[in-house]
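Everything on this sheet refers to the single structure shown next.
None of the figures in this text is laboratory data; all of them are computed from the coordinates on show. Because the structure is a prediction, the values reported are computed rather than measured. Cβ sites come from the backbone with ideal geometry, for glycine too, and all protein chains shown count toward neighbours.
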Amino acid sequence: MEDKIYSVTEFNKIVKSFIADTPEFSNFFLKGELSGVNYYKSGHLYFTLKDSKSQIKCAAFSYKLKRIPEDLKEGDSVTVFGDVGFYEARGDFQILVRHIEKENSMGELYRKLEKVKEKMEKAGYFSPMYKKTLPKYPTTIGVVTSSNGAGLYDIITTARKRMENINIYVYPSKVQGEGAIEEIVEGIETLDKIPEIDLIIAGRGGGSIEDLWAFNEEKVAMAFFNCKKPIISAVGHEIDFLLTDLVADVRAATPTQSAEIAIPVKKDVENYLEERKKYLTHRIEKQLEVAKLHLENRKNSYALKNFSKVFKESEEILNNKEIELENIMKLLLERKKQKLDLQVEKVISLNPLNVLSRGYSLVKHKDKIIKNSNEVKLEDEIIINLHSGSIIGTVKEIKD
């Protein structure tokens, strides 16, 4: 049998194909010690993972996007998760890293969290005396969460089901990873300054404890505590309990529950008003019955039998009072109705579509709402949303 002779390229292709077809070479964990750690401006991280007898080259491309720690150093014990990578042109072999976990990193985070909890509890930040009461009938709420997360969808859907005219201000924020802490804090502080907002919901949908950890940070917890408006912490699932849950005015087990806590059901409000109307009507009718009975007793008294004319006049007065009471009842009910109508009109007037119908427009660039001229540059394509339709244009001149 003739020996097979490969070219280098052919052989490397076979090796690469073998690696790609072998399940053990993908989605695995490696534990070892770091050596030669290099963070590059390009956003890539290179290092060697070793133990007492062997070592292997590793690379984490776009490490920031993968939320890989930025403080790795020589000698750190870590566990990496990734795949075998083979660079065919050079015949190089390395591990393509997708995640890095420092040894006992979560344990250290929990230790720090317990110290923060102890400090904040001593300072009284968890005390019920600081808890603000949620408004009974909010017309506008603010929400700080991820713009593309399930939590926002759950809040909006639940809110609209309960009160279709509720006005919702959303501050899109990162809720995990680099920059999440700052954006959550900024979102709470921004919505807290808007006068028409009645209460704020801040949180996110479920995830691992690492995903939820931003809501265990002291800066975020203090933003909840310092919020002047009532604020609800709505993070994760029922089993998740975060630092923000302790300092918020109300804790919701899930984003869906936060909307249920914050917003009454419109039908329930209408039923309540109807019940009040019936109650007032019943009270007035009872008062009239008592007044009539009292008058009848007075008319039959021995001392007044000879004063029929006076009784007749009194009866006329009583009848006038009855009409007056009925008018008062109607006035009270009318005022209640007017107050409810004003609240409904206020909610409707704050609808963004109504603002557009008055000649205003909404300008976006790359799905971001433009508020200042310095947020765009010349030749940028912008979309101008009108009350009816939209216009696509290009920036030709920028003025301050």
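Its convex hull of Cα atoms gives the chain a direction-averaged projected area, equal to a quarter of the hull surface, of 37.8 nm².
Rg and Dmax over the alpha-carbon atoms of the range 88-180 stand at 21.8, 69 Å. In terms of distances greater than 19 angstrom between alpha carbons, the cross-link table entries K278/K337; K115/K174; K132/K336 yield K115/K174; K132/K336.
Sort 196-209, 270-283, 144-157 by the packing proxy (mean of other Cβ within 10 Å over each peptide's residues), most packed first. If you can, show how the numbers build up before the last one.
Values: 196-209: 21.4, 270-283: 11.8, 144-157: 19.3.
Put in order of decreasing packing, that is 196-209, 144-157, 270-283.
A Förster distance of 51 Å, applied to the separation of the beta-carbon atoms of S373 and E324, puts the FRET efficiency at 0.20. Entry note: the range 107-262 has Rg to Rh equal to 0.94, where both radii use alpha-carbon atoms and Rh is the Kirkwood radius.
Spatially, the range 188-220 and the range 50-101 are offset by 34 Å when compared through their Cα centroids. Candidate cross-link partners of K119 among the lysines, defined by an alpha-carbon separation under 16 Å and a same-chain spacing of 8 or more, comprise K219. Computed from Cα positions, the angle between helix 8-20 and the longest principal axis of the chain comes to roughly 40 degrees.
Here the peptides 158-165, 112-119, 366-373 are ranked by packing, the mean other Cβ count within 10 Å, and the order with the highest first is 158-165, 112-119, 366-373.
Other residues within the sphere of radius under 12 Å centred on the Cβ of I156, judged by their own Cβ, net out at +1 (K and R +1, D and E -1). For V170, nonlocal amide neighbours, meaning residues 5 or more places apart or on other chains whose placed amide H falls under 5 Å from its own, are V143.
The helix-based estimate of mean residue ellipticity at 222 nm for the chain, built from -39,500 (n - 2.57) per DSSP H run of four or more residues and divided by its residue count, is -13500 deg cm²/dmol to the nearest 500. One chain, two ends: L295 and E189. Fully extended at 0.36 nm per residue, the span grows by 31.8 nm beyond their Cα-Cα distance.
Of all DSSP bridge pairs formed entirely within the range 8-103, close to 95 percent run antiparallel. Using a simple spin-label model with pseudo-atoms 7 Å out from Cα toward Cβ, R98 and D83 lie 0.7 nm apart. An ellipsoid equivalent to the range 261-302, defined through the eigenvalues of its Cα gyration tensor, has semi-axes of 41, 6, 4 Å when rounded to whole angstrom and sorted largest first.
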